[in-house]
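Asks: Got a structure for you, written out below as structure tokens; questions coming shortly.
The values are calculated or read from the model by the stated rules, or taken from the named source; none is laboratory data. Just so it is clear, the structure is predicted and the values come from calculations on it, not from any experiment. For neighbour counting, all protein chains shown are included, and Cβ atoms are generated from backbone atoms with ideal geometry for every residue, glycine included.
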Amino acid sequence: MIKPTDLPDTIAIFPLAGALLLPRSRLPLHIFEPRYLQMIEDALKTDARLIGMVQPNTVLGRDGHGLHTIGCAGRITQFSETEDGRYMITLGGVSRFRVVKEIEGFTPYRRCEVNWEGFERDLGKDEADNGFQRKSFLNLLGRYFETRGLSADWGTLKEADDELLINSLSMMLDFEAEDKQALLEAPSLETRRETLVTLIEYAMRGGQDEGMMQ
């Protein structure tokens with residue numbers, strides 16, 4: 001397990017819109033661009049093997065190349081190379097961070113100085129959601145899946161612990177990038193679950209603000 005003292009001040013950044021990584025969750029990625037292939041190779045040479053996942057922020061920065069302030073670092077836990085040189089990796093979510101500044105340097109990929117303060121809980125034990133009403137949540141989720149024509153392994157969903165269920169759905173469901181960022185920045189599992197429910201209800205209303213479902 002990574003300790004706070006193991007977290008570096010500078011990490012490689014992978015700005016990927018709509019791709020959400022959360023602490024203690026896993027994100028599979030298919031890497032094929034040359035600059036990111038180099039990023040993976042460089043990360044694998046370090047002890048921490050960390051990559052920072054950050055949502056691009058088209059409102060900030062020149063030419064729409066800005067970054068959101070908060071991202072999540074993942075450790076490369078699985079790695080394989082295809083015959084044509086692509087990489088298939090899995091990132092295990094470690095901790096969120098705040099971007100301090102982008103570092104101009106000698107790598108083809110982006111790097112940032114980051115601050116880990118305020119996210120100490122990310123390195124601890126699984127979070128619980130004491131206000132979670134699983135039955136009503138799964139009923140809402142079932143209606144959402146039905147409207148989207150989606151299928152699910154309901155046995156696995158019913159058995160998953162609170163954090164795994166909420167975080168997995170936050171990462172997997174097809175929300176806008178800004179909505180994904182809101183889920184990332186939620187200060188607690190309870191807040192993330194409340195945000196997730198709001199997004200599901202909003203989507204089921206076709207994006208209309210009125211008529212909140214209960």
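Asks: Looking at (1) under 16 Å from L184 (Cα atoms); (2) of a type in the set (G, A, S); (3) buried (at least 17 other Cβ atoms within 10 Å of the Cβ), which is the one condition that is false for A17?
Replies: Checking A17 against (1) under 16 Å from L184 (Cα atoms); (2) of a type in the set (G, A, S); (3) buried (at least 17 other Cβ atoms within 10 Å of the Cβ), the one that fails is (3).
Asks: Restricting to region 9-21, count the residues that are in a loop (DSSP other than H, G, I, E, B) and either within 19 Å of the chain's Cα centre (by Cα) or closer than 16 Å to T69 by Cβ (or both). Walk me through how you get there before you give the answer.
Replies: Start the filter on region 9-21 by keeping residues that are in a loop (DSSP other than H, G, I, E, B), which leaves 9, 16-21.
Adding the requirement that they be either within 19 Å of the chain's Cα centre (by Cα) or closer than 16 Å to T69 by Cβ (or both) leaves 16-21.
Looking only at that region, the number is 6.
Asks: Could you list, in sequence order, the residues of region 14-42 that are farther than 25 Å from S168 by Cα and without any contact (Cβ under 8 Å) to a residue 60 or more places away in the chain?
Replies: E33, L37, E41
Asks: Looking at region 82-98, which of the residues that are without any contact (Cβ under 8 Å) to a residue 60 or more places away in the chain and surrounded by 14 or more Cβ atoms within 10 Å (Cβ to Cβ) is farthest from the chain's Cα centre (by Cα)?
Replies: Applying the filter and picking the extreme gives Y87.
Asks: Something else about it: Among what's in region 1-21 and is modelled with pLDDT under 90 and charged (D, E, K, R), pick the residue that is farthest from F119 (Cα to Cα).
Replies: Across region 1-21, the extreme among qualifying residues is D6.
A quick yes/no check of all residues on (1) under 20 Å from M204 (Cα atoms); (2) surrounded by fewer than 16 Cβ atoms within 10 Å (Cβ to Cβ):
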{"residue": "V100", "(1), (2)": "no, yes"}
{"residue": "R111", "(1), (2)": "no, no"}
{"residue": "L123", "(1), (2)": "no, no"}
{"residue": "G142", "(1), (2)": "yes, yes"}
{"residue": "E146", "(1), (2)": "yes, yes"}
{"residue": "W154", "(1), (2)": "yes, yes"}
{"residue": "A160", "(1), (2)": "no, no"}
{"residue": "I166", "(1), (2)": "yes, no"}
